[in-house]
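Contents: one structure, followed by commentary.
The values are calculated or read from the model by the stated rules, or taken from the named source; none is laboratory data. Computed from a prediction, not measured in an experiment: that's the story for all the values here. Here the Cβ positions follow ideal geometry from the backbone for every residue, glycine too, while neighbour counts run over all protein chains shown. Remember, those area values only see protein heavy atoms, side chains included, never the ligands or the DNA or RNA. Shrake-Rupley method; radii C 1.70, N 1.55, O 1.52, S 1.80 Å.
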Amino acid sequence: LDASAGTGKTFTLTALATRWLVEGGDDPAGLLVVTFTRAAAEQLRSRIRTDLRDAAAALDAAVDGRPPPPTHDWIRALTAVDPGTLAQRRRAAAAALVGFERATVSTLHAFCRSALVGLGMLGDVGGRGAATASGRDRDDIVRDLLVTRLAADPAPFAANAHLARDAG
């Protein structure tokens, strides 16, 4: 997508990514969004996650017969479908939120580097690649990992729930 600043590129990309995940029920691991700067990649990742949360809330409301919370028109349009499709989209939105850490939203350079590191010897990187995360990226990764693990097996977390209550 090539356009000048302020023309809605981020809005358009996040809407397309969210719709692809919710309407198609596709695995977030198949999502690839590449941009030029780290700041843009962080903003895209954050906005896609926010749009997924908003879509899930709107779909939950629609399934429960409540009016949707204030949101984008295109998110409200996701709810204007038959009950079967509505239920599918609700499940897809929930699954996309749980699995969002598997999506690739990065800079072009980071994507190419990860592809080369993934190729190993074939990519002639020789194991010199390093993956690091800091700040907001690290927090998002840890949160996504915890949500994924909690969804898979809540028992270890339930056993330590008193720690969260005591800390809060």
* To do: Determine whether residue 132 is open to solvent by less than 50 Å² (accessible area, probe 1.4 Å) and either out of contact with any helix residue (DSSP H, G or I) (no Cβ under 6 Å at 6 or more places or on another chain) or modelled with pLDDT under 95 (or both).
  => no
* Structure fact -> By my count, helices (runs of 4 or more DSSP H) wholly in the range 8-121 with at least 1 residues that are among the β-branched types (Val, Ile, Thr), surrounded by fewer than 18 Cβ atoms within 10 Å (Cβ to Cβ) and without any contact (Cβ under 8 Å) to a residue 40 or more places away in the chain are 9-24, 38-64, 83-98, 108-119
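Polar (S, T, N, Q), within 16 Å of residue 75 (Cβ to Cβ) and at pLDDT 95 or above, is that true of residue 18? So that I can check it myself, show each step before the final result.
On the way: polar (S, T, N, Q): yes; within 16 Å of residue 75 (Cβ to Cβ): yes; at pLDDT 95 or above: yes.
So residue 18 passes the test.
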